[in-house]
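Worksheet for the structure shown next.
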Amino acid sequence: MRSTFPPYASSDAVWGITKEAPTAMAPPIRSSISKLPDEGNPSRRTASTPLFAPALAAAMVSDRRQLHIFFFPFMAAGHTLPVVDMAKLFARRGVRATILTTPADALSVAASLNRASEAGHPVETLLVEIPPAEAGVPEKLADTKSAGAQMDFLMSTARLRDPFERLLREHRPDAVVSDMFFPWSGEVAEELGVPRLIFHGTSFFSLSLSDALFHHPPPESSAGEEGGLYAVPGLPHRIEVDRSQIPDFRQQKPEFAEVFVKMKQAEKICFGVVVNSFYELEPEYADHYRNAMGMKAWHVGPVSLCNDDDGDRSARGAGAGAGVVDPDNCLSWLASKEPSSVVYVCFGSVCRFTAAQLREIALGLEASGHPFIWVVRDPAGKGDPSSEQWLPEGFEERTAGTGMVIRGWAPQILLLNHEAVGGFVTHCGWNSCLEGVTAGLPMVAWPMFADQFYNERLLVQVLGVGVSMGGEKRYTLREDERPLVGAEEVARAVKVLMGGGGEEMRRRARELREAARAAMREGGSSYGDMGRLIEELLGRQTTPVHAGD
C-alpha cells in the first residue's frame, strides 16, 4: 500500500472536480459572495470600515483573569509569519499572547512585534534554542540548502521538547497553539493539562484532501506505471489526483515517515485546530472538516489583514532573509506604472529553481510584454543571490524600464496591495494564496510540493481566480528533478492573467477580497469564530492540575 501523508500529499494540474451527484457543480462560494452588501465598491487598498474593534474586544475578558496563550510556530517564514499575525490578533482581543521562537527566527518578526507593542497590543517573546546535537543543522528552514537538509532540520526540532516543557511548566498558559510539525508538543501539553490547538498553516480544502489520502491512499502502481488518475473517496466533490503527484514516503527515511504518523496521532488528543481561512472562501470544506471528519476547528483568517497600514506591511517579515530591499524604492517604482499593469512574481521562502529554470522564467517575463516585479532566491541554494550567472545576457538592461528584480526578501503584502499590481505568479503556498485573495488579485498557479497542488485546484477550479502554469508539473522537493517549464509557457500564463481574457478572474478576485475583509470585521465569520474560541478557553479557566507537581 502506498503511504501518503497530509502535509505533502499533492495533486496534479489535471485534477477533475465534479459533484458526486449527476448534477452540474454550482460553486457555493460564488453565490454567497455575490450576495455581499454593496459597500460603494471601495478601492482594493482601503477598507470601508475598520477591520477590528480592539477596545470593545478587550472588554470581553476584562471581568476574568486575562487569558494567556502560547504560540509556537515552526521555524519557517510560511509558518512563523501567520502565527505571529494570529498572536497579534488575539492580543487585540485582550489576550496575553506569547510567541516561542528561536533567536534566529526572532529576527524576522522583531519589527512587526515592535509595531504591535507601540500600538498598545504587545506580544511577548520567549526564546528557545535547539540543543546542538548535530553539526551543521541551521536554526531555520530558509537557511537549508537542499531537500535532504530540510528533512534533517525537521527532525532536529524534536530536540525542542525539553525546553518547551520547561517553559510550559514555568509560565502555565491557559492554552498553546503549536505547529503541526511539533506533535510532541501535544503530548507535553496533555501531560500538563494545557489545551493544545494545532496550526497546520493551510486551508480546510487541503486538510480534507490530505486526510482522505492518508486514510485511503491509492494502491501501488503496476510495474513501469507512474501516473494515472485516482478518485479520492469521501469528499464533498469528486476529486481525481494523479498518482505521480502523491509522494511515496517509502522512499524516505523511516524516522521521517514516522513524524507524519505521529502528527495524525496528535490530532486525536488535541483540543482543536485553528485555520488561517474564512468560511466564505471554502464553506463546503469547512463543514466537511468539522462535521464529516469530526474535528473541532476555528477559522480566524486571513490573519495577514492585521497588518492594516503600510508600516505594518513593510515590517512583516523584514529580516526573514538576506538582501532586504528598501520598500520605498519598490513603491516609487510601482508609482510610475499604470494601475493593475504589473505582475508580481514570487515563489516563497523555501522553493528554489535551477539556474536553467530561472533563465526560462526571465525570458518568459520579458516575452510577456508586461511590467513585472520578480523576487528571486539564489538558484538551487548555490550561493550569493546577487550573482548574475543565471540571468540571460543583457536581460536587466533590456527590461530596465519594465522590470524590477528583487534578490532575497521583499515586503510581499505591501507590494501586492499597491494599485499598480494586477496579477500574482505564485508557488501556491497557502499564505501567498490568501495574500493574493486579500489583495483582490488573480493568480498564475505554479505548485511544486507540500499542499501547493491542492491550493492550485482551489484557486483555479473552485474559486475561479487563477490559471495554471503550463508544462509538466510533478511533486518533488528537489529542484533538479522538476521538468523544465519553458519561457513560452511562462509568457502564455502571464498574458492570460494580465490580458483581456482574465477579466472574469479579476472580478471574482475583487469579490473575494471584500468577503475576506468582511470576515475579519466585527460581526464577520472569522471575527466571531475567534471570539467563540476565546470564550471557550475562558470557560476552562480553573486551577490546572500539572502532572509532576
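The values are calculated or read from the model by the stated rules, or taken from the named source; none is laboratory data. These figures come from a predicted structure and were not determined experimentally. All Cβ positions, even for glycine, are placed from backbone atoms using ideal geometry, and neighbour counts span all protein chains on display.
With Leu537, Leu497, Leu459 as the choices, which residue is under 19 Å from Thr202 (Cα atoms) and not in a loop (DSSP other than H, G, I, E, B)?
Working: Leu537 fails: under 19 Å from Thr202 (Cα atoms); Leu497 fails: under 19 Å from Thr202 (Cα atoms).
So the residue among Leu537, Leu497, Leu459 that is under 19 Å from Thr202 (Cα atoms) and not in a loop (DSSP other than H, G, I, E, B) is Leu459.
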- Quick one: in the stretch 321-361, of everything that is free of Cβ contacts under 8 Å to residues at least 60 places away in the same chain and touching a helix residue (DSSP H, G or I) at 6+ places or on another chain (Cβ under 7 Å), which residue is farthest from Phe453 (Cα to Cα)? Ala355
- Looking only at the stretch 70-129, and only at residues there that are of a type in the set (Phe, Trp, Tyr) and outside any helix (DSSP H, G or I), the one that is nearest to Glu170 (Cα to Cα): Phe70
- Task: Just give me the residues in the stretch 484-534 being in the same structural domain as Arg352 (by TED's automatic domain parsing) and β-branched (Val, Ile, Thr), in sequence order.
- Result: Val485, Val490, Val494, Val496
- Task: Residue by residue through the stretch 264-276, note down the ones that are at pLDDT 90 or above, under 21 Å from the mean Cα position of the chain (by Cα) and of a type outside the set (Gly, Ala, Ser).
- Result: Glu267, Val273, Val274, Val275, Asn276
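Each row is one residue, and each column tells you yes or no for (1) touching a residue at least 12 places away in the same chain (Cβ under 8 Å); (2) of a type in the set (S, T, N, Q).
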{"residue": "Ala450", "(1), (2)": "yes, no"}
{"residue": "Tyr454", "(1), (2)": "yes, no"}
{"residue": "Thr476", "(1), (2)": "yes, yes"}
{"residue": "Arg492", "(1), (2)": "yes, no"}
{"residue": "Leu497", "(1), (2)": "yes, no"}
{"residue": "Arg517", "(1), (2)": "yes, no"}
{"residue": "Gly523", "(1), (2)": "no, no"}
{"residue": "Gly531", "(1), (2)": "yes, no"}
- Taking Val123 as the residue in question, decide whether it is closer than 20 Å to Gly531 by Cβ, touching a Lys or Arg at 6+ places or on another chain (Cβ under 7 Å) and at pLDDT 75 or above. yes
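Give Gly364, Gly317 a once-over and let me know the one that is within 18 Å of the chain's Cα centre (by Cα) and either surrounded by 18 or more Cβ atoms within 10 Å (Cβ to Cβ) or within 24 Å of Asp105 (Cα to Cα) (or both). Working first, answer last.
Values: Gly364 fails: within 18 Å of the chain's Cα centre (by Cα).
After applying the criteria, what remains is Gly317.
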- Among the residues listed as Val324, Val261, Val350, the single one being modelled with pLDDT under 95, over 24 Å from Ala77 (Cβ atoms) and of a type outside the set (S, T, N, Q): Val261
- Message: For the list (1) in a loop (DSSP other than H, G, I, E, B); (2) crowded, with 21+ Cβ neighbours inside 10 Å, I need the number of the one condition that Pro217 fails.
- Response: (2)
